[in-house]
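See structure below.
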Amino acid sequence: MSMLYGNERVCVQGITGRYGRYHALKMRQYGTNIVCGVSRNKAIKEIEGIRVFQSMKEAVEITGADTSIVFVPAPKVLEAATEALESGIKKIVIITEHVPQQDSLKIFKLAHEKKASMIGPNCPGVIVPGKIKLGIMPESAFKGGDIAIISRSGTLMYEVALHISKNSSGVKAGIGLGGDPIIGTNVAQAMEFVMENEIDKVVLVGEVGGNDEIAGVEESIKKGFKGEIQAFFAGRAVPKGKTMGHAGAIIEGFEGTIEYKERKLLEMGVKTFRKFDELFI
Amino acid sequence: MKIHEYLAKGTLFFHGIKIPTSKFYDSYVEENISFLPCVLKSQVLVGSRMKNGGVLFAKSRKEFLNFLKELTEKPIRGETPDGVLVEELVDIRHEYYVSLLLGRKERDLILCFSEKGGIDVEENAENVVSGPFDEIIKSVPEILRETIFRMKNAFESEDMIYLEINPLAVAGDGQVYALDCVMDLDENAFFRKTVHTGYSFPAEENPGFHFVELTGDIGIIGCGAGIVMATMDAVKMYGGEPADFLDIGGGAGKETVIKALEMLSRKGLEKILLNIFGGITSCDEVAEGILSFKKAHEEVRLYIRMAGNKAEEATDMLNLFGINCYDNVYEMVRSCLQVGDEYALR
């Protein structure tokens, strides 16, 4: 995941939809440099002073956009993201949920090939309080401070951010990775961002399934991360359903359980908590 | 979404993978069978079908009819079968295990392979090699490769998220057959309608929330999967049992809240927790839904926690009608279960 400087030139894909429009304006209000929007809706040329183009190519050529945030409906995400990456966008955040997993994989591979950063899909985006908001999070829950939050869950990131803002030393960056099995930025890559920004306090908000949290922490320690990580996991009470019954069960087995993740993280010096309101107090 | 074996086999066949001569029965009929000996397989989605009497082998017409009658009627591990798939018995020389899935960590197509396929593969997990498709395929016996490439093609073009063929068998005639399979389709890709599975898509029925029924007695409603799971965990931590997982999502309005509460109360739940963090959701709209429900259902005890967008307005509104709100989720859960903080199992 690449650095966020706050001066990114942001294009909103799907700006004429209900959410796209609402969040484009909210982000602009926050101070994000929204330079344009893209929509297939030919009738709308402008939204409250934001120019609306019909193609990413045109948008990039005319406005110099280098970053995109995607709100288009799931069936159109592959097309929209491909167009953005082919047009030279270097940072792309995909908010849309219900994107087919194989589409996410194709976008990831293309982003990798184009050396672009991808966050999401099915994520709340990224916020660096006081600098930039590239997402849909309620900004009031993110008071500026020195702690990074890395989360697979959107609403839980808000919960933890509110707690950190109220009872701890505030948020340096909120990174919502997304809840899908295939996501563009994983924990390891989010930790690279943390290290580049010299943040030494991290909250990891995880969920049952997969082992991305373990792999991510392991890799960051190998790369020399010396700070403190505290973790909270949701989904302990989720019964092993039909999906846990087979998908990757043979290679994952016990490794997707929270008990296992917590044990491994503890071995790496990560403190884990059963209540999120005990993080960093 | 996992689909039944007989539909999955049809898909494999469409993609050029050999399956035994077969016939599907959705109910019992007295008729002659043209291939014997045969195997009769109950079409259920639960695992361990064989170990639970869902697979029977018939050598004669009489046996075939008896077993067909038995399997069309018999539930397997509580699941009523969709029908019975009857297949000609293949003369098996060797059984392999092959599966394809999308690797979360690798973000690539993963191939899992074992020389020792069959029903006990999960107990012999150490024999399974797995990794990116292009690497693992090199160590797979030549005779299987064409079939596995066809599996890959089926997997990609039909938007699968999991495909397992076990056993993938080499028969006495030197041919490779898919004898049993598990196929999981990505529901998010149904809009493409490219699947050749014969699966009939359910009519769009969107209640506006995501619901999973569980076995406990404490109703749970929240906005966002993470919050709902964390609330379930809190209930369990303090000794309670969640009755459900119900996520009304972001931006839910009054009607969705009423619908969700109505549904849980119809299940006879006496205590329902609502954990709302207003991001896009406006807490006052949720509160309106709660009030409207409460008027009709005085007997249901509601425990409400609100934070975020318009939480104060919502709390004031609810307080006015004598409904208490908590601003901390753990406090809400303790109060609902009437336990102190020391109860938390650490």
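Coordinate-derived values only; no laboratory data. If you're wondering where the values come from, they're calculated on a predicted model, not measured in any experiment. Note that each Cβ is placed from the backbone with ideal geometry, even for glycine, and that neighbours are counted across all protein chains shown.
A few points about this structure:
- A cut-off of 5 Å between modelled amide H atoms, ignoring neighbours fewer than 5 places along the same chain, links residue A:184 with A:120.
- Take the Cα of residue B:328, step 7 Å toward its Cβ, do the same at residue B:139, and the gap between the two points is 5.2 nm.
- Two-site FRET efficiency, residue A:271 against residue A:197, from Cβ-Cβ distance with R₀ of 25 Å, rounded to 0.05: 0.70
- Loop GluC sites (Glu not before Pro), the range B:21-108 (other Cβ atoms within 10 Å of the site Cβ: 13 or fewer; DSSP): B:30, B:31, B:106
- Rounded to the nearest 10 degrees, the angle from helix B:283-296 to the longest Cα principal axis of chain B is 90 degrees.
- The alpha carbons of the protein assembly as shown stretch over 76, 62, 55 Å along the principal axes, in descending order.
- Here B:305, B:107, B:61 are placed in order of increasing Cβ neighbour count within 10 Å, fewest first, which gives B:61, B:107, B:305.
- Among B:15, A:163, B:4, sorting on how many other beta-carbon atoms sit within 10 Å of each Cβ, with the fewest leading, yields B:15, B:4, A:163.
- Stretching residue B:292 away from residue B:156 to a fully extended chain increases their span by 44.2 nm, per 0.36 nm per residue minus the current alpha-carbon distance.
- The modelled label-to-label distance for the pair residue A:29/residue A:278, using points 7 Å beyond Cα in the direction of Cβ, is 3.8 nm.
- For chymotrypsin sites (Phe, Trp or Tyr not before Pro), the sites in the range B:15-54 that DSSP calls loop and that have at most 15 other Cβ atoms within 10 Å are B:28, B:35.
- Residue-span extension gain [residue B:106 to residue B:35] - 0.36 nm each, minus C-alpha spacing: 21.1 nm
- Using the Cβ-Cβ distance between residue B:60 and residue A:43 with R0 = 45 Å, the FRET efficiency computed as 1/(1 + (r/R0)^6) comes to roughly 0.05.
- Cut-off under 5 Å, modelled amide H: who pairs with residue B:119 long-range: none
- Long-range amide H partners of residue A:37 with built H, under 5 Å: A:12, A:51, A:52, A:53
- Nearest 10 degrees, 0 to 90: helix B:225-237 Cα axis against chain B principal axis: 80
- Counting beta carbons within 10 Å around each of B:315, B:21 and listing the fewest first gives the order B:21, B:315.
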